[in-house]
Amino acid sequence: MDSYIFYGLAIFLLIFSFVKDKKKTKMALMKAWKAFENILPEFLVVILLVGFLLAILNPETISKIIGAESGWFGIILAGIIGSITLIPGFVAFPTAAILLENGAGYMQIAAFLSTLMMVGIVTLPVEIKYFGKKISIIRNILAFFFSFIVAIIIGMVVA
């Protein structure tokens, strides 16, 4: 029901904006379309990969690997995968929802998402270039461990 309310509100505000200033609204829609075109390839690749994995791995397998029953092994594995993966947030959150629907655990997904957003193994060379080796490594290590605190809190809230 919330989705319908938000879609309705967005349509209403778009119409209001169009009535108020057609030129600015058209320019905003063109910018939004360009942003969508830039995002679409990344989004499609990740969704295809997740779809492929879901076709290969049944919900029971996902549950064994990163489900609630996987315990700390699944949380650490999800944290490591999140640390080395470079996926934008707008792709990561729908992916996490799909994984949850297919048997992943909340703590495991929390570890995955928080490391994905806060730890950057792939981007570490760039970070070292701008912030220095010591600060970059310390920040990434602290973020990695903080992600497990986030996972524990999510586990306490959801359980």
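The values are calculated or read from the model by the stated rules, or taken from the named source; none is laboratory data. This structure is a prediction, so every number in the text was calculated from the model and none was measured. When the accessible area is computed, the model is the full protein with side chains, heavy atoms only, and any ligands, DNA or RNA have been set aside. Shrake-Rupley method; radii C 1.70, N 1.55, O 1.52, S 1.80 Å.
Using the reciprocal of the averaged 1/r over all distinct C-alpha pairs, how large is the Kirkwood radius of the chain in Å?
It works out to 18.0 Å.
Using amide H atoms built in the peptide plane, which far-off residues or other-chain residues are under 5 Å from Gly67 H to H?
Here Gly105 satisfy the definition.
Over the chain, what is the relative contact order in percent, taking alpha-carbon pairs closer than 8 angstrom and at least six residues apart?
Across the chain, relative contact order equals 21 percent.
Let me check something: with ligands and nucleic acids excluded, how do Val126, Val119 order by accessible area (1.4 Å probe), largest to smallest?
Order by accessible area, largest first: Val126, Val119.
Grab the DSSP H runs of the chain that are 4 residues or longer, score each as -39,500 (n - 2.57), total them, divide by all residues and round the 222 nm result to the nearest 500 deg cm²/dmol.
Per the formula, -28500 deg cm²/dmol.
Kirkwood hydrodynamic radius (Cα pairs, Å) of the range 82-137?
This gives a value of 12.2 Å.
Could you give each residue of the range 95-104 its phi-based ³J(HN,Hα) in whole Hz, using Karplus coefficients 6.51, -1.76, 1.60 with θ = phi - 60°, and x for Gly or Pro?
4, 4, 4, 5, 5, 4, 5, 9, x, 5
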